[in-house]
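The values are calculated or read from the model by the stated rules, or taken from the named source; none is laboratory data. Just so we're clear, the structure is a prediction, and the values are computed from it rather than from any experiment. Ideal geometry is used to build each Cβ from the backbone, glycine not excepted, and the neighbour counts take in all protein chains shown.
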Amino acid sequence: MYVAKTPNTKYYQVVYFIDGKRKTKSTKTTNKKKAQSFLASFSPDSPQTIEQKPKEITLKKFYAEYLQHLELSKSKTYLKSVRLSFSQFIKFAGYISLNQITIRLIDSFINTTFKRAEYSAALYYRTLKAAFSTAENWEYISSNPFKKIKAPKTPTKIPIFISKKELEIILENTKEEYMKNLFTFAFHTGMRVGEIVNMKWDWIDFSNKSIKIKNDDSFTTKSKADRIIPMNETIMNILAQHNNNIHHLENNYIFYRILGIKLNEDFVSKQFKKAVRRAKLNEGIHFHTLRHSFASSLVQKSVPLYFIKELLGHSSITTTQIYSHVKKEDLADAVNLL
């Protein structure tokens, strides 16, 4: 007998053999010394060893525990996707226990969803797969059934992006000066709306011409990691306009209607959408399009995807690869070289 880590759980396992068959028993600790102590008092013949079945827990109860587990570490957007995914799965599967969830049931749920909403099916699959990996780590189930089916394939969408000229048209149709500056700021930094409305003067390093997006008690980025974005002249000029001799008050927000009061993200997004409609541009253009435009402009200037990944704060290069497209005229130019 010995203790070892296995891929399926974070806890050390006692590994032993009965009639030549390999068995494991969780020590329920990630500390090796405690695991060794558990091994010293462990007996393969004891009743606790014979009882190998995972705890019986309902899908609804696990959902409540899992959501509580995530609330302190995940963004509001991710929590929203978790709530939606579980509500749809519970509606489909009913109030059953985790151990009653079969591969066939999951396959049916994903396929049924896929027929009416492809992207929803992909979202539910990713979200629930992550959740059931946690259930496996908590030893509520012996294995994650979502790992045994393929993820639904969805068509890859090239993000909508706008040019500087189109941005100027949107700005011409924006009434408030601070909103014009905010939209321009997003176009030249690729920052998310939540990052911009939470940005304070202590994020700004004028001497190094950089912005440090910070995580604190009141705000966390989507990736939960700080990052630095260099500032170009356009951004430096906007900040100079907003400085107004108050940058020494580090707790003040840079963009505001009322000094010291944070702007609402939905309000900013709606103001941008109104300007887009007044400009009679593509209805598919949203505030997040400014972030896409920042990335697309860098791609077109041959900036490596890895650099773009760091500037956008993506946790994986896979996410950044949606920007690895080229303009149609670039494709035509390439063919004309033949």
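Looking only at residues of region 96-132 that are surrounded by fewer than 16 Cβ atoms within 10 Å (Cβ to Cβ) and touching a Ser or Thr at 6+ places or on another chain (Cβ under 6 Å), we find that the one that is farthest from Tyr66 (Cα to Cα) is Glu118. Based on what the data block shows, is Lys80 in contact with a Ser or Thr (Cβ under 9 Å, 6 or more places away or on another chain), at pLDDT 75 or above and of a type in the set (Lys, Arg)? In short, no. The C-beta contact set for region 66-83 (first residue outside the structural domain of Arg192 (by TED's automatic domain parsing) and in a loop (DSSP other than H, G, I, E, B), second residue at pLDDT below 85 and surrounded by 14 or more Cβ atoms within 10 Å (Cβ to Cβ), distance under 7 angstrom, 6+ apart or interchain) comprises Ser75/Thr220; Ser75/Lys222.
Is it the case that Ser97 is more than 22 Å from the chain's Cα centre (by Cα) and at pLDDT 95 or above? No: the conditions fail for Ser97. Evaluated against (1) part of a helix (DSSP H, G or I); (2) under 21 Å from the mean Cα position of the chain (by Cα); (3) surrounded by 21 or more Cβ atoms within 10 Å (Cβ to Cβ), Gly194 falls short on exactly one condition, (3). For the criterion of being in contact (Cβ under 8 Å) with a residue 40 or more places away in the chain, among the hydrophobic types (A, V, I, L, M, F, W, C) and not in a helix (DSSP H, G or I), Ile106 fails. Residues that are of a type in the set (A, V, I, L, M, F, W, C), outside any helix (DSSP H, G or I) and free of Cβ contacts under 8 Å to residues at least 60 places away in the same chain are absent from region 152-164 altogether.
Residue-by-condition table, conditions (1) among the charged types (D, E, K, R); (2) assigned by TED's automatic domain parsing to the domain that holds Phe294; (3) at pLDDT below 95:
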residue: Leu128; (1), (2), (3): no, no, no
residue: Thr134; (1), (2), (3): no, no, yes
residue: Ile141; (1), (2), (3): no, no, yes
residue: Glu172; (1), (2), (3): yes, yes, no
